[in-house]
1. Separation of segment 255-309 and segment 80-154 by C-alpha centroid, Å?
2. Enter the angle in degrees (range 0 to 90, nearest 10) between the Cα long axis of helix 5-17 and the first principal axis of the Cα atoms of the chain, meaning the one along which they spread out most.
3. Given a 1.4 Å probe and every protein chain left where it sits, what share in percent of the accessible area of the chain is carbon and sulfur?
4. Can you list residues whose amide H is under 5 Å from CYS275's amide H, if they're 5+ apart or on another chain and H is modeled 1.01 Å from N?
5. Work out the FRET efficiency for GLU139 and LYS294 from their Cβ-Cβ distance, taking R0 = 41 Å, and round it to the nearest 0.05.
6. If the viscosity is 0.890 mPa s and the temperature 25 °C, what Stokes-Einstein diffusion coefficient in µm²/s follows for segment 137-275 when Rh is the Kirkwood radius over Cα pairs?
7. Under a Cβ-Cβ cut-off of 11 Å, what is the net charge of the residues other than ILE31 that fall near it, where Lys and Arg count +1 and Asp and Glu count -1?
8. For LYS314 and LEU193, FRET efficiency with R0 = 30 Å and r from the beta-carbon atoms, rounded to 0.05?
Amino acid sequence: MKLNRRTLNIALAAASLGGLLPATALAQKKIVLGFSQVGAESEWRTANTESIKASAKEAGFELKFSDAQQKQENQIKAIRSFIAQKVDVIAFSPVVESGWETVLREAKAAKIPVVLTDRSVNTKDDTLFVTFMGSDFVEEGRKAGRWLVEKMKDQKGDVNIVELQGTVGSAPAIDRKKGFEEIIKADPKFKILRSQTGDFTRAKGKEVMEAFLKAEGKKINVLYAHNDDMAIGAIQAIEEAGLKPAKDITIISIDAVKGAFEAMIAGKLNVSVECSPLLGPQLMSAVKDIKAGKPLPKRIVTEETIFPMEVAAKEFPNRKY
Ligand code: AHR
């Protein structure tokens with residue numbers, strides 16, 4: 001006879017009640033976690049996926065992993081499929097902030113707890129998810145802004161900035177812009193000449209930087225990129241335009257992945273604000289707590305720092321992603 005998960009559980013429960021199985025057999029039932037990932041757009045995302053997969057394996061969970069290729073419709077489909085499969089917990093990193101209410105209500109109606117990792121959603125109903133774990137993106141933008149204000153404190157004339165934004169409508173793009181602007185607006189010499197999305201990818205970062213250089217040329221003093229991959233793509237564009245990255249144009253980015261450290265060590269990137277992708281262990285421990293009926297805080301914030309190029313060579317051996 002072919003047993004599906006439900007009939008197997010009923011059989012195990014009946015056997016246990018009848019004293020045929022020790023209680024520990026029931027406890028050994030694997031927790032099933034459905035995880036919908038944004039995509040594979042950046043070095044950060046690859047490290048995040050590895051962290052989730054490795055930690056699920058270590059925790060002994062059955063992981064149903066789905067890559068949405070940066071499309072919200074794919075994430076919604078994946079979540080619906082997790083609901084249909086009656087997984088124990090659903091976790092996901094929402095590609096954009098809005099448009100989740102309907103599917104989250106479906107999960108709630110099916111009594112499947114939802115954990116948000118890395119990126120949040122903007123919903124007024126916070127009963128639709130158990131907890132949100134990840135970075136404070138507004139603070140990351142502020143850290144980038146504070147570093148720039150300090151670096152340019154003696155500069156008398158205008159500081160002309162171009163900005164490479166992340167995916168349109170995503171929490172990190174919205175919040176990193178907000179935090180950065182909050183700091184630089186205190187001094188009118190800081191001017192954002194152009195701001196456009198590079199979708200968090202190297203290829204788009206390069207393409208948009210080429211357009212910025214064509215339009216503004218040597219007027220550009222600073223590039224603020226919402227992630228390292230776009231900064232690395234832009235560095236190529238800057239070099240191809242005959243300019244020196246990190247010298248002719250000051251470059252600030254976010255994530256602090258190994259690729260950014262290599263660029264800093266090569267003297268091509270000035271600073272990277274840390275955003276940790278290593279959320280796997282925290283997620284698995286939250287799933288265990290949910291299954292054990294333990295309460296969780298609504299927000300779990302990742303602790304992070306900032307790495308200027310001067311410390312890159314010393315820090316590089318300690319980097320895990
Ligand atoms: O949500 C985190 C962001 O998504 C990272 O900064 C970026 O690299 C990734 O694609």
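The values are calculated or read from the model by the stated rules, or taken from the named source; none is laboratory data. Here the structure is a predicted model, which means the values were calculated and not measured. Glycine also receives a Cβ, built like all others from the backbone with ideal geometry; neighbour counts cover every protein chain displayed. Just the protein is used for accessible areas: all its heavy atoms, side chains included, with ligands, DNA and RNA removed. Shrake-Rupley method; radii C 1.70, N 1.55, O 1.52, S 1.80 Å.
1. 14
2. So the inclination is approximately 50 degrees.
3. Ligands and nucleic acids excluded, carbon and sulfur reach 54 percent.
4. Placed amide hydrogens put ASP255, ALA256 under 5 Å from CYS275.
5. Between GLU139 and LYS294 the formula returns 0.90.
6. Values: Rh = 14.3 Å.
Using the Kirkwood radius from Cα pairs, D works out to 171 µm²/s.
7. +2
8. Details: r = 34 Å, r/R0 = 1.14.
FRET efficiency, LEU193 to LYS314: 0.30.
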